[in-house]
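Take a look at the structure below.
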Amino acid sequence: MAIVKLNLARNCLKYLIKVYGIKEIFTPYYTCETVWTSAKESGCKISFYHIDKNFMPIRDLPLDAFIVYTNYYGLCTKNCRILAKKYPHIIIDNAQAFYAPHCGMADFNSLRKFFPVQNGAYLCTTKVLDERFSEDNLELTPTSAQENFEKFVYNELQLNKEKQIKTISADVEKTIENFDFANDKKIRQENFKIYKRYLEKFNNINLSIEPDEIPYCYPFSPNQEKIKSKIAKSNLTLIQLWKNFPQSCPESKFLNDTIALPLTDSNYVEKIISTILN
Ligand SMILES: Cc1ncc(COP(=O)(O)O)c(C=O)c1O
């Protein structure tokens with residue numbers, strides 16, 4: 001397997017579509033819309049599938065199909081393993097699971113989702129293109145939604161314009177070399193446990209965490225209107241995943257109001273828990 005370092009997760013998918021000559025791809029309805037828009041932009045036919053409460057495909061998919069499966073919140077590594085055994089052409093989207101082990105025909109992640117960098121995505125693939133790509137030199141100052149919402153949205157909109165496959169920028173490669181991954185892992189696991197302890201009974205999502213899983217967020221889908229309104233009234237910045245999901249889809253029953261509670265800011269963890277419990 002080779003690791004190809006590109007700028008964005010969505011461009012890893014474009015790369016795979018190109019290198020494998022994929023004409024049709026199965027993607028979940030419940031995922032980031034950049035996934036299917038990138039596939040569409042690459043001229044690929046999209047076939048959607050639904051997922052159940054365990055985040056597994058609701059129906060059997062053709063065994064020889066090219067399938068994208070999302071490692072949701074970094075908590076679905078077990079599902080990835082099960083699906084990879086069944087489907088030889090599965091592509092694991094680890095944008096929310098940076099630390100997950102390699103799995104499937106290919107997998108990719110997104111550094112920006114986990115670390116304070118403006119781009120970067122590692123694609124693990126056996127097939128590689130004999131083609132050079134230019135470096136991503138878009139100058140953005142990385143920030144989180146909680147730190148500076150306006151800037152965060154601005155950055156995302158700039159990245160949405162990046163339609164061409166590019167490589168990770170040299171700056172990001174340097175920053176990431178010096179990153180304290182051990183500390184990041186520890187904070188994520190600790191804060192996840194805290195959220196789980198206090199919020200589990202109010203949460204429609206009931207995903208267990210494996211001992212070696214490092215989550216992206218604590219996914220919280222409140223099971224009481226009272227809690228939804230407390231959250232709505234708070235002035236905390238919240239990221240909703242994935243907002244415009246149609247009510248007619250079966251997933252909307254347990255996923256529609258899901259917010260991604262961040263794990264790396266302990267002050268935020270305290271604030272959100274006290275907002276919900278008080
Ligand atoms: C599951 C998932 N896949 C893919 C992407 C796209 O990642 P990128 O913005 O690096 O292209 C995202 C982004 O939010 C995501 O959450």
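Readers should treat all values here as calculations from the given coordinates under stated rules, not as data from a laboratory. These numbers were taken from a predicted model, which means no experiment stands behind them. Neighbour counts are summed over all protein chains in view; Cβ atoms, including those assigned to glycine, are modelled from backbone coordinates with ideal geometry.
Just a few scattered comments:
- Some residue of the range 178-192 being closer than 22 Å to Tyr99 by Cβ, of a type in the set (Lys, Arg), surrounded by fewer than 18 Cβ atoms within 10 Å (Cβ to Cβ) and in contact (Cβ under 8 Å) with a residue 12 or more places away in the chain: yes
- Qualifying positions in the range 41-85 - within 14 Å of the ligand (Cβ to nearest atom) and farther than 24 Å from Phe98 by Cα: Glu41, Ser42
- Entry remark, the range 85-98: residues being assigned to a loop (DSSP other than H, G, I, E, B), farther than 13 Å from Thr27 by Cα and more than 12 Å from the chain's Cα centre (by Cα) number 2 in total.
- Complete set of residues in the range 125-137 that are under 28 Å from Thr77 (Cα atoms) and surrounded by 20 or more Cβ atoms within 10 Å (Cβ to Cβ): Thr125
- Matching residues, the range 15-63, being of a type outside the set (Gly, Ala, Ser), assigned to a helix (DSSP H, G or I), out of contact with any Ser or Thr (no Cβ under 6 Å at 6 or more places or on another chain) and more than 19 Å from Ser252 (Cβ to Cβ): Tyr15, Leu16, Lys18, Val19, Tyr20, Thr34, Thr37, Lys40, Glu41
- Test: residue in the range 248-257 that is surrounded by 15 or more Cβ atoms within 10 Å (Cβ to Cβ), of a type in the set (Asp, Glu) and either in contact with a helix residue (DSSP H, G or I) (Cβ under 6 Å, 6 or more places away or on another chain) or farther than 26 Å from His102 by Cβ (or both): yes
- Whenever a residue of the range 58-70 is in contact (Cβ under 8 Å) with a residue 60 or more places away in the chain, its partners that are of a type outside the set (D, E, K, R) and assigned to a strand (DSSP E or B), lying with C-beta atoms within less than 8 angstrom and at least six residues away or across chains, give the pairs Ile58/Tyr49; Ile58/Ile51.
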